[in-house]
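Written below as structure tokens is the structure these notes are about.
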Amino acid sequence: MTSMATPNTPVIAPDERLSLRVLLRAFRWKVCVTWGLMLLETALFALMPLLISWSIDELLTDDWLPFWQLVFALGALLVVATGRRIYDTRAYGTMRVALSQAQVERSEHDTVSVQNARVMMGRELVDFLETTAPEAVAALVQVIVAIIVLLSFHGTLALTSSGAILAMLLIYAVFSKRFFRLNAALNARSEGQVSAIETRNMKRVAGHFMGLRREEIRLSDTESLVYGLIFLVLLSMLAFNLWFGATQMQATPGQTFAIVSYSLEYLQSAVQLPLALQALTRLSAITERINQTPAQMTADA
């Protein structure tokens with residue numbers, strides 16, 4: 001397993017381009033452990049509505065076996081989820097130390113403001129591996145499980161859900177290039193913050209923050225439009241599945257609960273996928289920025 005990063009034992013070579021790929025290679029064993037625990041936790045979560053639906057139907061016939069299976073699964077989920085979070089804090093903290101060290105070492109000729117901004121941007125690479133990527137993988141697993149379970153009840157339910165996710169990804173694809181441009185503009189503006197403050201020129205400081213606000217608003221407005229369209233698609237899918245399950249199928253109370261639960265779980269999970277795509281778009285802009293040389297920065301300016 002990769003050893004702990006310290007100031008004397010860098011795990012990222014000085015000539016390597018800082019990126020998600022480099023972090024995954026340098027800390028592959030830590031990532032494998034934490035993502036393995038995450039997948040186990042996700043699988044247990046994904047099975048919960050099905051186990052609950054079985055418990056409902058069987059308890060009505062005085063069969064307690066599915067109920068005790070549910071209790072066992074809940075206990076396993078508690079142990080796995082707690083252990084993963086304890087391990088994550090240490091593993092990803094080590095990555096942040098190594099990445100920040102590498103950034104400072106290779107940017108000694110940059111101003112303090114640029115170094116500070118890039119270190120903060122670089123931390124987002126680790127944040128993505130710690131939070132966004134596992135959430136996206138977990139969401140994908142839950143989406144697949146939801147489609148399989150809904151298919152087991154009726155093909156129409158699975159078909160509607162699959163169509164919804166295709167429509168959602170198409171919506172994001174239309175806006176992906178705009179997201180990249182807006183994130184790049186926001187990163188460029190953030191790098192100049194310390195320099196603007198150091199001038200003590202209130203006109204320049206105000207101009208900087210107004211420019212930062214303008215870029216944030218442009219990005220937020222685009223996000224709001226995209227997620228409004230995505231939620232419209234997913235809520236339509238949920239409403240249809242509720243109507244179909246309640247009126248077009250002769251489902252038991254437990255089956256009805258499972259259809260509702262997996263449709264809702266599908267909605268909550270599916271929306272994580274475009275969030276991950278947006279985060280990747282932002283990280284693409286960040287990766288370009290933190291690997292720029294002073295000559296490239298001058299040319300861009």
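Projecting the Cα positions of 128, 157, 176 onto the charge dipole of region 127-250 (unit charges on Cβ atoms of Lys, Arg, Asp and Glu, taken about the Cα centre) puts 176 furthest along the positive direction.
When all alpha carbon pairs of region 156-240 are counted in 5 Å bins from zero, the resulting P(r) reads 3, 13, 18, 14, 12, 10, 9, 7, 6, 4, 3, 1, 0 %. Spin-label pair residue 144-residue 268: with each label point 7 Å from Cα along the Cα-Cβ axis, the two points sit 2.1 nm from one another.
Computed from backbone phi, the HN-Hα couplings of region 25-41 come to 5, 5, 10, 4, 6, 5, 5, 4, 5, 5, 6, x, 5, 4, 5, 5, 4 Hz, rounded to whole numbers (Karplus: 6.51 cos²θ - 1.76 cosθ + 1.60, θ = phi - 60°; Gly and Pro given as x). In a Debye calculation with equal point scatterers on the alpha-carbon sites of region 120-208 and no solvent, what is log10 I(q)/I(0) at q = 0.19, 0.24, 0.25 Å⁻¹? Values returned for q = 0.19, 0.24, 0.25 Å⁻¹ are -1.01, -1.15, -1.17. Derived scalar couplings between HN and Hα for region 174-189 equal 4, 9, 4, 5, 5, 4, 4, 4, 5, 5, 4, 5, 5, 5, 4, 5 Hz in order, rounded to whole Hz, by the Karplus curve 6.51 cos²θ - 1.76 cosθ + 1.60 (θ = phi - 60°), x for Gly and Pro.
You can think of it this way: the chain between residue 86 and residue 247 has 53.4 nm of extra reach, that is 0.36 nm per residue less the Cα-Cα gap. Scoring 64-73, 176-185 by mean Cβ neighbours within 10 Å over their residues and listing the highest first yields 176-185, 64-73.
Length gained on full extension, residue 240 to residue 170: 23.1 nm, using 0.36 nm per residue less the C-alpha separation.
Sorting the segments 136-146, 18-28 by their residues' average number of neighbouring beta-carbon atoms within 10 angstrom, most packed first, yields 136-146, 18-28. The length gained on full extension between residue 39 and residue 205, counted as 0.36 nm times the residue separation minus their Cα-Cα distance, comes to 55.1 nm.
Readers should treat all values here as calculations from the given coordinates under stated rules, not as data from a laboratory. Given the structure is predicted, the values throughout are model-derived calculations rather than measurements. Backbone-built Cβ (ideal geometry, glycine too); neighbour counts: all protein chains shown.
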